[in-house]
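A.B. asks: Starting off with a structure, shown below.
Computed from the coordinates by the stated procedures, all read-outs in this text should not be read as laboratory data. Just so it is clear, the model here is predicted, and its values are computed rather than measured. Cβ coordinates were reconstructed from backbone atoms using ideal geometry, including for glycine residues, and neighbour counts include every protein chain displayed.
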Amino acid sequence: MSRLPFTLEKESPGSKARAARFQTAHGEVRTPVFMPVGTQATVKNMTGDGLRALDVQVLLANTYHLLLRPGPEVFKKFGGIHRFMNWDRPVLTDSGGYQIFSLSADRVMTEAGAEFRSYVDGELHFLSPESSIEMQLTIGSDIMMVLDQCIASTASHADTEAAMHLTHRWAERSLRARGDEPPALFGIVQGGCHRDLRIRSAEFLRAMPFDGLAIGGLAVGETHAERYEFTDLATDHLPKDRPRYLMGVGTPTDILEAVHRGVDMFDCIIPTQLAQRGTAFTSHGRIHCRRSVYKFSEEPLDAACDCPTCRTHPRAYLHHLIKADETLGWQLLAMHNLAFYQRLMGEMRAHILRGEFLGYYERQRLELGRDDEANPPVHPARARVRRLPRLGDYEVLASPQGFSSIRQLSSGEVMHSVSAPAEEANRLYIEQSRLATRLRRRHADDEQPLVVWDVGLGAASNAMAAVHRAEKELAETGPAALRPLHLISFERDLDPLTLAARNAARFHHLRHGAPEGLLRAGHWRHASGLIDWRLLRGDFLTLLETAPAPDLIYYDPFSAKTDTALWQADVFARIHRHCQPGAAELYTYSAATAVRVALLVAGFYVAEGVGTGPKATTTVALTRRENQIAAADAPRLLGAEWLARWRRSGSKYPAGLEEAAKAAFERRIAGHPQFAPAA
């Protein structure tokens, strides 16, 4: 008998959309349902009362994070998560499988489970199907997830099949570990983007006594079209008498498409994550509150919304808070975005129950895709400006100096904003890293390729600067004198390069066959065979350990304000470990103290790089002191003077560092080998 009594109330004509309800120990859940992500027993910038006011039915918490902090002893003391966080409604706990997948350099997978090192204190932990269930029982969740092996959705058939079979064996062990305990338990369908594996996984798991079934292994590298295709395929093979949960998805459009394909339950960090970046979901489409068009706007964020944010504050105030980086702005937008998601789920449920979902779906898939860039300014413009080309979240920006750049609309960040892109790329990355010299063979049998990582492909300014320099060396010295160049670009969004390539008259560096080859096939190779350029498409944090260890890293993602995760010490530590035992150098445009401190903590030796545009300096990081360039104009390591400035800085500690840990952190920086007195 199911521990999750489930009633299928209605299936909508012309669609697989369905409305249902099921009962948990902490209340009834009505579907379709969106579960805000409370990874660490909290939804960012939201209180329990605030979530209840929005009629949030279920929260998601994460076993992996709660195992590491605060730990099982705390939950035993409080009798579970509900009393601990004062939440009286249902909680679903993820098993930790996705987080283990994300730790590819810091974990060891075996049949027994996964051994990994804690990001909190560096201690080794072991998570097995049995211990995952034990921890979820200790947390006291209403719905538990089996431990699964999550891999990239684009992995090979053989790798995906092996992971699927391991997930199935772990699913059987999870059921045995749950035993007669009352919480519900969901199995997870895997199989990547392979139709036969998805069908086999769904058929295997539906025959087992799970209380619900989840679709895992999506939103990890596949296209939107593939996500919709494999969601549709999975639900075709899942039973109708149990809830269906699409894990980690997504945007309002993604959810609408998945409900249309028969999914009941969803979770994602997007509502709060995009709120932090100043983006709101409204009945008018997405609104990017950083846009200056809202500076004087007295309108509510969304006239159709009755949330506290829309009732109380005009767009102008929200614009001000976001531009000023005030936490209240994030909180107000998070509250609104979660209210929007709850209203969307309620509307879908109502239309399903009325048998009218298909018409609603056709209307909403257009409405949800709208963007405020189509909206005119609410105050007169000073002058009429000719609209420049746009694609997705990006537009071409023409500078008064005569060159063009790409700007991201949602954040306002400009790629190479002050100097011409090719000029800045050459000065900051190509010349400073002495790429031409490094490409020359040191001896006759030197066939080792020079591996260059291009982190943040963007409009390919840095990558194409490397290609052009290698071609120049090839023409001047001949192939016998050069080592192969293996250029690896990381990017999850190809719209900037696609947009720039469509306007190659403005971006001279793209007048070449290489960008076209990369966009078409993800790979371009020079006729000589000496220049090989590959694209690793997806999240850098997921992909970095899959790439060959680099000799040079051109680190050029958006700033820490926009791409916060890419500038953290733990990411730099992963890069540092992946480079071992070789010697590598990282070059980046940022000269921020926080970035330099993160690099030092990660184990790099850090130096001042050349200035570009208004920046007096940039940053160079070295995995070894001995690989510091000996040339007269080479960057010099930060020394006692910088250390003294850092000690006087008002922002010398990482955000969130507890007071008790600050003294130890300061000793760690001061004790870095690069600050040791010269012998």
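A.B. asks: How high is the FRET efficiency from GLU356 to HIS443, r the C-beta distance, R0 56 Å, rounded to 0.05?
C.D. replies: It comes out at approximately 0.15.
A.B. asks: Could you list which residues have their amide H under 5 Å from that of SER283, counting only those 5 or more apart in sequence or on another chain, with H placed in the peptide plane?
C.D. replies: Result for SER283 returns ALA304.
A.B. asks: Using a 7 Å offset from the Cα along the Cα-to-Cβ direction at both VAL414 and ALA670, what is the distance between the two label points in nm, to one decimal?
C.D. replies: 4.2 nm
A.B. asks: Further question on the same structure: Quick one: helix 593-602 against the long Cα principal axis of the chain, what's the angle to the nearest 10°, folded into 0 to 90?
C.D. replies: Around 80 degrees separate the two axes.
A.B. asks: In whole Hz and in residue order, list the ³J(HN,Hα) couplings for the stretch 515-529 that follow from phi through the Karplus curve 6.51 cos²θ - 1.76 cosθ + 1.60, θ = phi - 60°; x for Gly and Pro.
C.D. replies: Ordered by residue, 3J(HN,Hα) equals x, 4, x, 5, 5, 6, 10, x, 7, 9, 10, 5, 4, 6, x Hz.
A.B. asks: What does a probe at THR546 reach in the stretch 184-202, counting residues whose amide N is under 16 Å from the point 7 Å along Cα→Cβ?
C.D. replies: 191-194
A.B. asks: Can you tell me how much longer the chain between ARG195 and HIS508 gets when fully stretched, taken as 0.36 nm per residue apart minus their C-alpha distance, in nm with one decimal?
C.D. replies: Separation in residues times 0.36 nm, less the Cα-Cα distance, equals 108.4 nm.
A.B. asks: A further question follows. Within the stretch 413-438, find all residues whose amide N lies under 12 Å from a label point positioned 7 Å from the Cα of ALA481 along Cα-to-beta-carbon.
C.D. replies: Residues passing the 12 Å test: 437.
A.B. asks: Charges on Cβ only, +1 for Lys and Arg, -1 for Asp and Glu, centred on the Cα centroid of the stretch 269-379; of ALA304, HIS284, MET345, which one is farthest towards the dipole's positive end?
C.D. replies: Among ALA304, HIS284, MET345, the one farthest towards the positive end of the dipole of the stretch 269-379 is MET345.
A.B. asks: May I pose another question? Taking H placed 1.01 Å from N in the peptide plane, check which residues at least 5 places from ASP371 or on another chain put their amide H under 5 Å from its amide H.
C.D. replies: Those qualifying (amide H under 5 Å, at least 5 residues apart or on another chain) are ARG286.
A.B. asks: Something else: Just to confirm the number: angle between the C-alpha axis of helix 195-206 and the first principal axis of the chain, 0 to 90 degrees, nearest 10?
C.D. replies: 40 degrees
A.B. asks: Continuing with this model, one more query. Ranked highest first by average number of other Cβ atoms within 10 Å, how do 46-52, 604-610 line up?
C.D. replies: Going by the mean number of other Cβ atoms within 10 Å, highest first, we get 604-610, 46-52.
A.B. asks: So, one more: Residue by residue, what Karplus-based ³J(HN,Hα) values in Hz, rounded to whole numbers, does the stretch 447-461 have, using 6.51, -1.76 and 1.60 with θ = phi - 60° and x for Gly and Pro?
C.D. replies: Coupling constants for the stretch 447-461: 10, 5, x, 8, 9, 10, 8, 10, 8, x, 4, x, 8, 6, 4 Hz.
A.B. asks: Provide Rg and Dmax in Å for the stretch 269-379, with only Cα atoms included in the calculation.
C.D. replies: Rg, Dmax (Cα atoms, Å): 14.4, 46.
A.B. asks: Taking the 0 to 90 degree range and rounding to the nearest ten, how far is the long axis of helix 357-367 tilted relative to the main principal axis of the chain, both from C-alpha atoms?
C.D. replies: 20 degrees
A.B. asks: Express in nm, to one decimal, how much length is gained between ARG365 and ALA162 on full extension, taking 0.36 nm for each residue of separation and deducting their alpha carbon distance.
C.D. replies: 69.4 nm
A.B. asks: Can you give me the relative contact order of the stretch 178-234 as a percent, contacts being Cα pairs under 8 Å and 6 or more apart?
C.D. replies: 40 percent
A.B. asks: So what is the relative contact order for the chain, in percent, with contacts set as C-alpha pairs under 8 Å and at least six apart?
C.D. replies: Once divided by the residue count of the chain, the mean separation gives 9 percent.
A.B. asks: Between ALA583 and ARG520, what FRET efficiency comes out of the Förster formula 1/(1 + (r/R0)^6) with R0 = 22 Å and r the beta carbon distance, rounded to 0.05?
C.D. replies: 0.05
A.B. asks: Given the peptides 258-267, 521-530, arrange them by the average over their residues of other C-beta atoms within 10 Å, most packed first.
C.D. replies: Answer by packing, highest mean first, reads 258-267, 521-530.
A.B. asks: Student exercise: in the chain, how many lysine pairs 8 or more apart or on different chains have Cα atoms under 21 Å apart?
C.D. replies: Going through the chain pair by pair, I get 11.
A.B. asks: Multiplying the sequence separation of ASP325 and SER649 by 0.36 nm and subtracting their Cα-Cα distance, what value in nm do you get?
C.D. replies: Gain on extension, ASP325 to SER649, equals 114.7 nm.
A.B. asks: Ok, one more. With r defined as the distance between the Cβ atoms of VAL571 and ARG311 and R0 fixed at 51 Å, what FRET efficiency is calculated, to the nearest 0.05?
C.D. replies: So, using R0 = 51 Å, E works out to roughly 0.80.
A.B. asks: Please state, as a whole number in µm²/s, the translational diffusion coefficient that the Stokes-Einstein equation yields for the stretch 6-267 at 10 °C and 1.306 mPa s, with Rh defined as the Kirkwood radius across alpha carbon pairs.
C.D. replies: The Stokes-Einstein estimate is 86 µm²/s.
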